[in-house]
Amino acid sequence: MIKQIVPVIQKEIIELTRDKLTLIIILFVPSLLLFLYGYAISLDVKGIRTVICDLDRTNHSIEFINSIFSSEYFKLAKRVDDANEIDNLIQKGKAEAGVLIYPDFSKELKAGRKAPVLIVVDGSNAQSTQSALSYFYGIMTVFQNKMIRDFSLQHAIKFPMITVEQRIWYNPLLDSSLYLVPGLIALVLMIMAVIATTLSIVKEKESGTIEQMVITPLSPMHIVIGKIIPYFFLSIIASTIMILLALLLFDLPFRGSIPLFGLALMLFLLGALGLGLLISAMSQTQQVAFSAATFITMLPTMLLSSFIFPITSMPVVIQWITYIIPARYFIAINRAIILKGTGFYPLWKDFLALFIFAVAAMSAGIIKIGRKGLIK
């Protein structure tokens with residue numbers, strides 16, 4: 001019986017060594033998943049970019065500000081002298097939160113009266129918003145308790161009390177769907193475009209019909225472009241349907257420019273189609289192509305694009321890896337345009353990144369697939 005099984009084992013080993021992509025997936029994907037899930041996924045939100053407007057400028061206000069940034073949860077984005085600048089910086093995506101300390105902050109504390117402080121939070125990221133408010137209230141409580149001890153011992157006056165006025169922009173009810181749906185659009189489009197393009201070419205490889213196209217006067221570039229154009233327009237139609245459904249079913253607001261959103265969408269889809277070409281050039285069967293396309297698109301988009309988990313909470317090494325994830329930029333553009341109505345200038349870096357991704361992915365896909373990539 002062993003003699004009968006050994007040849008089958010040898011055959012499978014030979015097949016695995018020939019199909020290097022499957023071998024890599026089997027050997028290294030489990031460890032990679034452990035690494036990503038262990039380090040990239042964190043429910044703690046850290047490094048919340050915060051704008052400070054201190055109109056009091058006393059020792060107490062400075063001490064209060066220092067207590068905010070003594071933790072790892074808040075990161076100073078900018079100090080401003082005009083309270084209106086807080087809203088402006090949040091709208092441009094340069095900060096997620098802002099703190100306004102009123103002119104009489106120290107005076108009210110010393111008099112034992114309520115001293116109001118305003119915190120402004122970007123509600124387009126529901127998870128970060130809830131965390132920012134929670135952290136802020138915790139820091140405020142610790143600072144207030146310290147003031148109570150100091151004042152009661154030194155001045156024997158009433159306990160001071162800090163009151164918080166909170167203002168949540170773009171998503172005042174903290175509806176999670178408004179935060180998740182723009183990211184979900186990017187996830188679905190990336191998976192759909194890559195898998196559709198990949199399977200389209202690999203299916204013809206398996207059936208042998210691609211060889212009939214190769215012997216025609218058409219160049220590989222003509223063949224490739226001719227095959228991806230229908231999927232590009234189908235993806236545009238599918239995207240339009242998705243967005244309309246999101247507007248109707250989830251009450252998703254659309255506050256920004258439709259042409260600007262369309263530009264980001266086209267760049268993102270071109271990059272996804274190019275990535276599909278690249279995967280198809282390295283795959284011999286539809287099964288391998290589907291597995292590779294799903295793994296390459298789904299996991300990075302879900303874990304490393306700020307779709308669910310904030311990038312600032314990830315280790316520095318993982319944060320650097322996220323720069324090569326195109327969904328990171330598309331989701332940032334989605335949320336800014338749809339929820340905030342942000343214009344092009346604050347988002348130009350994200351648009352540039354999508355353009356580079358589209359050019360690089362499409363060029364690499366066409367070069368790799370070539371004539372040999374189509375028939376091998």
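What follows is calculated from the coordinates using simple rules that are stated; it is not laboratory data. As the structure is a prediction and not an experimental result, all values here were calculated from the model. Reconstructed Cβ throughout: ideal geometry from the backbone, glycine too, with neighbour counts over all protein chains shown.
Extension gain E72-A111, at 0.36 nm per residue separation less the Cα-Cα distance, in nm?
10.8 nm
Over the range 48-169, what lengths in whole Å, largest first, do the semi-axes of the equivalent ellipsoid take, defined as the square roots of 5 times the eigenvalues of the alpha-carbon gyration tensor?
For the range 48-169, the ellipsoid semi-axes come out as 26, 14, 12 Å.
What pairs in K94/K114; K227/K349; K94/K146; K107/K146 have C-alpha atoms more than 28 Å from each other?
The answer is K94/K114; K227/K349; K94/K146.
Once you have the Cα-Cα distance between F355 and N59, take 0.36 nm times their residue separation minus that, and quote the gain in nm to one decimal.
101.7 nm
With just the Cα atoms of the range 175-375, tell me how far they stretch along each of the three principal axes, in Å, largest first.
Reported extents, whole Å, longest axis first: 54, 36, 29.
According to the square roots a ≥ b ≥ c of the eigenvalues of the Cα gyration tensor, what is the shape class of the range 239-325, taking rounded for a/c under 1.5, prolate for a/b larger than b/c otherwise, and oblate for the remainder?
Oblate, since a/c reaches 1.5 and b/c is not below a/b.
Could the peptides 182-188, 349-355, 319-325 be put in order, highest first, of the mean number of other beta-carbon atoms found within 10 Å of their residues?
Descending packing order for the listed peptides: 182-188, 349-355, 319-325.
In whole Hz, what ³J(HN,Hα) sequence does the range 323-328 give by Karplus (6.51, -1.76, 1.60; θ = phi - 60°), x for Gly and Pro?
5, 9, 8, x, 4, 4
Net charge within 15 Å of I243 by Cβ-Cβ distance, Lys/Arg positive one each and Asp/Glu negative one each, not counting I243 itself?
+1
Set Lys and Arg Cβ to +1 and Asp and Glu Cβ to -1, take the dipole of the range 48-169 about its Cα centre, and tell me which of V99, T141, V117 lies farthest positive.
T141
Would you grab the residues whose amide H sits under 5 Å from the one on Q166? Only those 5+ places off in sequence or on another chain, please, with H modelled 1.01 Å from N.
I119
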